[in-house]
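**Q** Can you read through this structure? Questions will come right after.
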C-alpha cells in the first residue's frame, strides 16, 4: 500500500498536473502517513470557540458512544459540554439519550448496534475527562493560532485527535 502511495507521484495525471502548474523543474516528494484505526468507545467533536455565541473564552465539546461518524453524520444527538477556557471549569452539561451507536465490524466496515439500556441516558464523559480533553484542544488551538473544530476519539481511556481544522464560521 505504501508503494502504491509513493508511485502515485508518477502517474500520468500527477506528472501532467506538475507540468500544468509549472512545477516540472521542482523537486517533488510525497509523505505517506500510516495511522492506527481508533476503535473508540466514545468519540466526538470539540469547538475551541463557542460555535453559536462566538465566545472565544468558551469551548463546546460534543460526545457520543461508538465511532465519531454517528455525530458527524447527524445520526445521533450527542452530549454537549460547555467549558470556560480560562477557569478550566465546566459551565453546562446537556446529556442526550443515545439508543444506537456505530462500531467497527471488522473487514465489513462499520455497523449500527444498540447502546445497552443501562447506558442510554448516562453522561458520556466524566468531568475529569471533559477537562483533560479541553486542555488538549486548547493546546491545538494555541499551536494553530486560530479557533479549531476538532474531531476526537477515546479508546481505552486515551484520547486521540483524529482531525483539526479552523472554525470558518466565526
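The values are calculated or read from the model by the stated rules, or taken from the named source; none is laboratory data. Quantities reported herein were computed from a predicted structural model and do not represent experimental measurements. Backbone-built Cβ (ideal geometry, glycine too); neighbour counts: all protein chains shown.
**Q** Anything in region 66-84 that is within 27 Å of residue 54 (Cα to Cα), modelled with pLDDT of 95 or more and out of contact with any helix residue (DSSP H, G or I) (no Cβ under 6 Å at 6 or more places or on another chain)? List them, or say none.
**A** 77, 79, 80, 82, 84 - these are the residues of region 66-84 that are within 27 Å of residue 54 (Cα to Cα), modelled with pLDDT of 95 or more and out of contact with any helix residue (DSSP H, G or I) (no Cβ under 6 Å at 6 or more places or on another chain).
**Q** If you don't mind, another one. Within region 11-28, identify whether any single residue is under 23 Å from residue 149 (Cβ atoms) and either assigned to a strand (DSSP E or B) or out of contact with any strand residue (DSSP E or B) (no Cβ under 8 Å at 6 or more places or on another chain) (or both), and answer yes or no.
**A** There is no residue in region 11-28 that is under 23 Å from residue 149 (Cβ atoms) and either assigned to a strand (DSSP E or B) or out of contact with any strand residue (DSSP E or B) (no Cβ under 8 Å at 6 or more places or on another chain) (or both).
**Q** With region 33-96 as the region, which strands (runs of 3 or more DSSP E) entirely inside it contain at least 3 residues that are under 13 Å from the mean Cα position of the chain (by Cα)?
**A** Passing ranges, in order: 42-47, 58-65.
**Q** Do we have any residue at all in region 49-56 that's modelled with pLDDT of 95 or more, crowded, with 16+ Cβ neighbours inside 10 Å and touching a helix residue (DSSP H, G or I) at 6+ places or on another chain (Cβ under 9 Å)?
**A** yes
**Q** Every residue in region 105-155 that is in contact with a helix residue (DSSP H, G or I) (Cβ under 8 Å, 6 or more places away or on another chain), buried (at least 18 other Cβ atoms within 10 Å of the Cβ) and more than 25 Å from residue 59 (Cα to Cα), please.
**A** Scanning region 105-155 gives no hits.
**Q** Within the bounds of region 30-40, is there any residue that is touching a strand residue (DSSP E or B) at 6+ places or on another chain (Cβ under 9 Å), closer than 20 Å to residue 135 by Cα and surrounded by 13 or more Cβ atoms within 10 Å (Cβ to Cβ)?
**A** yes
**Q** From 74, 68, 44, which residue is surrounded by fewer than 11 Cβ atoms within 10 Å (Cβ to Cβ) and closer than 30 Å to residue 115 by Cα?
**A** When all the criteria are applied, what remains is 74.
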